[in-house]
Amino acid sequence: MSVQNELRSTIQDLVQPGKGILAADESHPTIAKRFKAVNVEPTEDKRREYRSLIFSTPGLGEFISGVILFEETLGQNSLDNLPMAKLLESQGIVPGIKVDKGKKSLINAPGDEITYGLDGLDDRLEAYKNQGARFAKWRGVYNIADTLPSRAAMEANAEMLARYAALCQSMGIVPIVEPEVLIDGDHTIERSAQVNESVIAEVFNALRRHRVQLESIILKPSMVTPGKACAKASPEAVAEATLRVFRNVVPAAVPGISFLSGGQTPEEATLNLNALNSLGQLPWHLSFSYGRALQEPAQKAWAGNLNNSSETQSAMLKRARLNGLATKGQYAPDMED
Ligand code: 13P
């Protein structure tokens with residue numbers, strides 16, 4: 001298949017009404033934190049057991065179009081001894097891969113961070129593609145404070161995201177472009193809107209500079225919410241503030257916007273997505289690419305014990321199904337019961 005056809009068909013498979021993406025690409029330290037919360041040792045085998053279990057949830061492909069994997073998982077076999085990418089394909093789910101190497105402090109910009117991982121990325125992408133990955137993810141991270149993020153951080157992270165996206169597309173891999181504006185802090189929803197708007201505008205400047213085809217990316221942003229230390233805003237207020245920003249800075253050529261959950265509770269993330277999809281016609285398909293908000297209940301149900309397999313898979317399917325409904329504005333809180 002030509003690179004163009006590969007990109008087109010992967011976008012078609014990923015961006016579908018009623019479906020979203022499962023982010024199961026936690027790095028070792030992050031998954032260790034999640035496992036600690038349910039008293040599980042973060043060994044390679046436990047990671048394999050847990051991820052194999054959720055990926056084989058019967059019916060998952062009805063609501064999940066793609067799964068983002070961590071490098072280790074792409075090389076592992078499922079509990080039934082299938083390569084994980086094959087297991088996902090058998091569910092009608094597209095395998096994807098997180099390709100950034102994580103963040104570090106941005107030198108000379110106290111409080112700002114920059115994501116690493118461009119060196120050698122072409123060789124890694126080729127290997128991931130041979131293992132079955134058809135899309136990728138790179139996360140840039142921005143802290144909010146009165147003077148953060150700095151212009152240097154916005155420009156540097158946008159440049160990384162654009163170079164990664166251009167490289168992915170040249171190899172027929174769809175890039176998920178993730179500028180995550182963190183929820184930590186006591187900033188207002190207005191301040192969050194201001195920062196998200198500047199950050200996303202800068203990302204699209206860089207994408208254009210590097211001639212990235214906007215119709216073959218998925219944007220993975222934060223929702224515009226007040227900081228975690230502030231009173232919560234209603235789903236309607238979050239939806240209204242988020243769309244106001246996106247209408248200003250996200251070109252209509254972008255096929256899909258898949259939000260991260262960023263520390264929202266599972267129910268909150270579903271409610272907010274539903275509110276976003278209740279505001280009428282939009283140029284982009286608005287969906288989810290949640291990590292915590294999809295997996296928390298499944299991790300609690302599993303608690304490291306395969307005897308809890310059916311409860312684990314039910315919990316996984318429930319959040320996938322409810323978020324699937326939220327992509328169509330058809331979710332109601334009483335469906336939680
Ligand atoms: P959360 O939904 O838990 O924020 O994770 C999504 C993700 O992929 C962050 O990079």
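Please treat every number below as a calculation from the coordinates, not as lab data. All values derive from a computational prediction rather than experimental measurement. Methodologically, a virtual Cβ is constructed for each residue, glycine included, from the backbone with ideal geometry; neighbour enumeration extends over all protein chains shown.
Data for the structure
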quantity	calculated
Among (1) touching a Lys or Arg at 6+ places or on another chain (Cβ under 6 Å); (2) under 16 Å from F63 (Cβ atoms), the one test that Y290 misses	(1)
So I176, is it crowded, with 23+ Cβ neighbours inside 10 Å, within 27 Å of Q264 (Cα to Cα) and within 16 Å of the ligand (Cβ to nearest atom)	yes
Some residue of segment 229-238 being assigned to a loop (DSSP other than H, G, I, E, B), under 22 Å from R34 (Cα atoms) and away from the ligand (no atom under 16 Å from the Cβ)	yes
Criterion: more than 16 Å from the ligand (Cβ to nearest atom), small (G, A, S) and more than 23 Å from P175 (Cβ to Cβ) - qualifying residue of A241, A253, A298, A326	A241
Matching entry among E311, E296 (being part of a helix (DSSP H, G or I), in contact with a Pro (Cβ under 6 Å, 6 or more places away or on another chain) and more than 12 Å from Y50 (Cβ to Cβ))	E296
Selection from segment 27-54 of residues that are touching a residue at least 40 places away in the same chain (Cβ under 8 Å) and in a loop (DSSP other than H, G, I, E, B)	S27, V38, N39, V40, E41
Selection from segment 273-293 of residues that are away from the ligand (no atom under 12 Å from the Cβ), in contact (Cβ under 8 Å) with a residue 12 or more places away in the chain and outside any strand (DSSP E or B)	N274, A275, L276, N277, S278, L279, L282, P283, W284
Some residue of segment 55-68 being crowded, with 17+ Cβ neighbours inside 10 Å, assigned to a loop (DSSP other than H, G, I, E, B), away from the ligand (no atom under 16 Å from the Cβ) and touching a residue at least 12 places away in the same chain (Cβ under 8 Å)	yes
Qualifying residues in segment 314-337 (those that are part of a helix (DSSP H, G or I) and of a type in the set (D, E)) - the one farthest from R34 (Cα to Cα)	D334
Qualifying residue in segment 202-213 (condition: closer than 12 Å to P251 by Cα and either within 16 Å of the ligand (Cβ to nearest atom) or among the basic types (K, R) (or both))	yes
Index of the failed condition, N130 passing every other in (1) surrounded by fewer than 20 Cβ atoms within 10 Å (Cβ to Cβ); (2) touching a residue at least 24 places away in the same chain (Cβ under 8 Å)	(2)
Residue match in segment 260-270 (condition: β-branched (V, I, T), crowded, with 22+ Cβ neighbours inside 10 Å and assigned to a loop (DSSP other than H, G, I, E, B))	no
Output for segment 136-167, where each listed residue is within 16 Å of the ligand (Cβ to nearest atom) and either part of a helix (DSSP H, G or I) or within 19 Å of L14 (Cβ to Cβ) (or both)	A136, K137, W138, R139, N157, M160, L161, Y164, A165
